[in-house]
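Structure first, then comments.
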Amino acid sequence: GAVVSQHPSRVICKSGTSVKIECRSLDFQATTMFWYRQFPKKSLMLMATSNEGSKATYEQGVEKDKFLINHASLTLSTLTVTSAHPEDSSFYICSARGGLGYGYTFGSGTRLTVV
Amino acid sequence: AQKITQTQPGMFVQEKEAVTLDCTYDTSDQSYGLFWYKQPSSGEMIFLIYQGSYDEQNATEGRYSLNFQKARKSANLVISASQLGDSAMYFCAMREGRLSGGTSYGKLTFGQGTILTVHP
């Protein structure tokens with residue numbers, strides 16, 4: 001079945017540093033990747049949509065300079081949280097167009113803690 | 001305005017009983033898709049069931065069925081014969097717009113979620 005590998009699953013970083021999260025589609029081509037953020041026991045909030053080879057489309061209120069998204073290939077999309085602060089601590093999860101589930105395959109998520 | 005509404009923050013059910021998780025939606029599109037996902041404490045999103053707006057039959061997948069009432073704009077999930085492993089957070093989601101091959105799918109909008117606890 002379709003798989004999206006998301007790494008790292010957990011990361012702790014110091015305030016002011018940058019963290020890169022990778023989502024890789026293993027057996028299909030992900031032309032579109034959605035990036036979500038989720039606080040504990042809350043809903044998934046869409047941050048941005050990226051299409052391979054073009055700039056990401058950010059949702060209203062999401063700082064594009066802080067959350068850098070790169071979708072350079074059909075199998076890899078990355079989210080970089082730049083100059084991370086404690087309020088960026090959250091669960092980040094990607095979802096790729098394609099595969100099973102009527103077109104959406106989710107990564108396993110990344111739990112980011114900024115100290 | 002909230003596009004997807006789940007009004008039950010938490011639900012409890014006895015093992016082997018059936019439970020209904022509510023979901024209402026709001027869209028002006030004629031073509032849309034409704035999804036249910038299960039999210040255990042590990043965080044992964046597990047796809048459960050899908051209903052297209054033009055599907056006349058209610059979707060079913062094993063113990064999961066979707067009670068689709070288009071006029072009322074509701075898409076409730078029914079889990080039959082609950083198991084302890086069903087304890088998790090459940091999300092209803094909607095994709096608006098036509099699904100067409102070769103072009104990008106629409107984004108998913110999620111409801112607030114319902115935490116389901118199955119008691120032995």
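Tallying residues that are within 23 Å of B:Y37 (Cα to Cα) and not in a strand (DSSP E or B) within the stretch A:42-84 yields 3. For the stretch A:51-60, state whether one or more residues are more than 13 Å from chain B (Cβ to nearest Cβ) and touching a residue at least 12 places away in the same chain (Cβ under 8 Å). Checking the stretch A:51-60: not a single residue is more than 13 Å from chain B (Cβ to nearest Cβ) and touching a residue at least 12 places away in the same chain (Cβ under 8 Å).
So which residues in the stretch B:29-73 are free of Cβ contacts under 8 Å to residues at least 12 places away in the same chain and among the polar types (S, T, N, Q)? Listed by number, the residues that qualify are B:S42, B:Q57, B:N58, B:T60, B:Q69.
Read-outs throughout are calculated quantities, based only on the coordinates presented, and are distinct from any laboratory measurement. These figures come from a predicted structure and were not determined experimentally. Cβ sites come from the backbone with ideal geometry, for glycine too, and all protein chains shown count toward neighbours.
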